[in-house]
Amino acid sequence: MVYHALFWQKTYIQWNQIEYKHFYGLVRGVWLRMVITNKEYEFAFNNCPDAILLTLSDGTVLSANPSACELFGYTEDEWCDLKRSDLVDATDSRTSVYLEARKKEGNVEGELIFIKKNGEKFTGHIKSALKQPEKSLGKACVIIKDITELKRAEESLKKNKEKYYDLFYNARVGIFRCRINKMELLDVNKKITELSGYTKEELLNDVSIVKFPYPEEIENIMRKLEEEGFIENHEVHILDKMGNIRTALVSFKLYPEEDFFEGTVVDITKRKELELKLQKSLEEKEILLKETHHRVKNNLAIVSSMINLQSSYFDDPEALNAFKNIQDRANSMSMIHERLYKSKDLKNINFGEYLTRLCNNLYKTYTHSTNISLKLNIENLSVKNDVAVPLGLIVNELFTNSLKYAFPDENGNLQVDFRGNNEMYMLSIKDDGIGLPEDFGIEKTNSLGLTLVKILTEQINGTLEIESENGTKWLIKIPIS
């Protein structure tokens with residue numbers, strides 16, 4: 001009573017226009033907030049994208065918003081006849097758990113399987129609050145969001161994750177992920193454990209158990225990774241758990257923003273061992289093949305010497321000429337085998353060098369006191385030895401034939417050209433001598449040397465062209481296979 005008296009006394013003393021306006025504004029604000037709150041609630045209820053149900057605690061539906069009608073397929077009038085059993089799948093055991101939790105706590109959140117009017121089931125996320133949970137029949141608000149697509153996406157993501165991890169763990173190459181600064185392994189797959197000899201648990205607990213017999217290798221790799229952000233196919237040696245040195249091919253990719261790097265490791269120990277065995281075998285075969293060429297060269301030299309010795313017992317010029325031709329052919333082949341013996345490449349020889357030496361040797365042999373000039377336009381091209389031997393014999397025959405028969409007055413010019421492109425080699429021997437007889441034909445010649453030229457040209461799939469104008473030109477084209 002004293003308080004009320006004091007209050008009205010103070011109000012009477014302070015009452016003025018300003019206080020009146022303030023009091024009026026306060027009352028008006030309370031009224032407006034009540035009106036606006038009701039309107040906002042109605043707007044939120046009708047326009048919420050999620051389904052909202054107002055129910056009794058026993059599941060009887062009192063009201064449903066438009067989103068609930070759309071989601072479940074019921075009209076607004078049909079909701080009044082629906083109960084919880086019409087909307088929730090009876091086989092979902094979570095229902096009783098949620099109801100008990102809501103009764104104790106006043107609210108609950110989780111997932112349930114719901115049933116639409118057409119019988120279709122879907123997964124929904126619910127939030128439910130119970131007013132006056134202590135009463136036997138309270139009122140509840142239930143918000144339901146259809147998360148069927150989300151659950152499908154989660155399931156798909158889960159399956160993809162399982163597939164990814166299956167691929168990761170069972171990959172045919174080693175894969176790992178390591179933290180940059182701490183050098184802590186985050187994950188390794190099966191191949192890493194096989195390579196190192198350690199279990200996955202051992203590696204993830206302490207990566208320092210992996211040893212490198214040549215530490216500078218890993219130091220160089222890590223330095224390059226830091227500078228460039230990635231490395232590809234670097235060879236490194238690893239000491240496994242049993243103390244064996246294994247060789248691996250590694251590739252790393254740096255992810256500095258996430259503070260880790262990933263890498264792949266391929267065990268090439270067996271491959272390297274096999275490569276060493278093959279290399280050793282090839283070296284042995286190469287030595288054997290070189291020795292074979294050396295012996296063939298020596299045997300041809302012996303044959304040449306025997307021919308020379310045998311010719312000393314003859315005075316007949318034709319017989320001596322025949323011996324000389326045979327000796328030149330033997331020398332020509334001997335030079336090929338000598339080149340192969342000294343060459344690092346046993347399949348090919350530098351035919352340009354060989355041809356230059358062959359022509360100069362033949363020129364010196366047949367032009368002691370003549371005025372025949374020699375011009376060589378020869379490219380240094382590599383030729384397979386199965387082509388070089390017959391081609392050398394062809395040059396021997398055509399070159400000596402020109403020196404012997406093209407210049408009866410021992411004056412003239414002889415030119416040898418050898419060049420090539422990606423498709424064929426071209427060899428030409430040209431002189432400005434007396435030329436060939438008018439009725440000459442290589443098909444009907446009786447000359448052993450020219451018959452040999454024809455046969456050898458066919459042997460290397462070449463073509464022979466002959467020009468007899470202002471001398472003689474032999475042009476041979478050999479395809480490069």
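Derivation of every value follows stated rules applied to the coordinates shown; laboratory data play no part. Because the structure is a prediction, the values reported are computed rather than measured. Cβ: placed from backbone, ideal geometry, glycine included. Neighbour counts: every protein chain shown.
Length gain on complete extension for the stretch ASP386 to GLN310, per 0.36 nm per residue less the alpha carbon to alpha carbon distance? Numbers along the way, then the final one.
On the way: separation 76, 0.36 × 76 = 27.36 nm, distance 3.04 nm.
Separation in residues times 0.36 nm, less the Cα-Cα distance, equals 24.3 nm.
Placing a label point 7 Å from the Cα of GLU275 along the Cα-to-Cβ line, the residues of segment 220-238 whose backbone N sits under 11 Å from it are 234-236.
Once Lys and Arg get +1 and Asp and Glu get -1 on their Cβ, which of ILE455, ILE442, GLY420 lies farthest toward the positive end of the dipole of segment 347-481? So the residue furthest toward the plus end is GLY420. If the segment from ARG94 to ASP58 were pulled out straight at 0.36 nm per residue, it would be longer than the present Cα-Cα gap by 11.4 nm. Each label point was placed 7 Å from the Cα along the Cα-to-Cβ direction; for LEU376 and GLU262 their separation is 6.2 nm.
Cα-based radius of gyration for segment 353-427, normalised by 2.2 N^0.38 Å, reads 1.16.
Summing charges over all other residues whose Cβ lies under 12 Å from the Cβ of SER156, with Lys and Arg as +1 and Asp and Glu as -1, gives +2.
Counting other C-beta atoms within 10 Å, which of ARG419, ARG177 has the fewest, and how do the rest follow?
The fewest-first ordering by Cβ neighbours comes to ARG419, ARG177.
In terms of packing, defined here as the mean over residues of other Cβ atoms within 10 angstrom, the peptides 50-62, 106-118 line up highest first as 50-62, 106-118. Computed from the C-beta positions of ASP50 and ASP86, the FRET efficiency with R₀ = 25 Å rounds to 0.85. Rounded to the nearest 20 debye, the dipole magnitude of segment 100-178 is 100 debye, with +1 charges on Lys and Arg beta carbons, -1 on Asp and Glu beta carbons, and the Cα centre as origin.
Binning the alpha carbon pair distances of segment 89-246 at 10 angstrom intervals from zero yields the distribution 9, 23, 19, 10, 14, 15, 8, 2, expressed in whole percent.
Farthest toward the positive end of the dipole of segment 171-267, out of ILE231, THR199, ILE175, is the Cα of THR199, where the dipole comes from beta carbon charges about the Cα centre.
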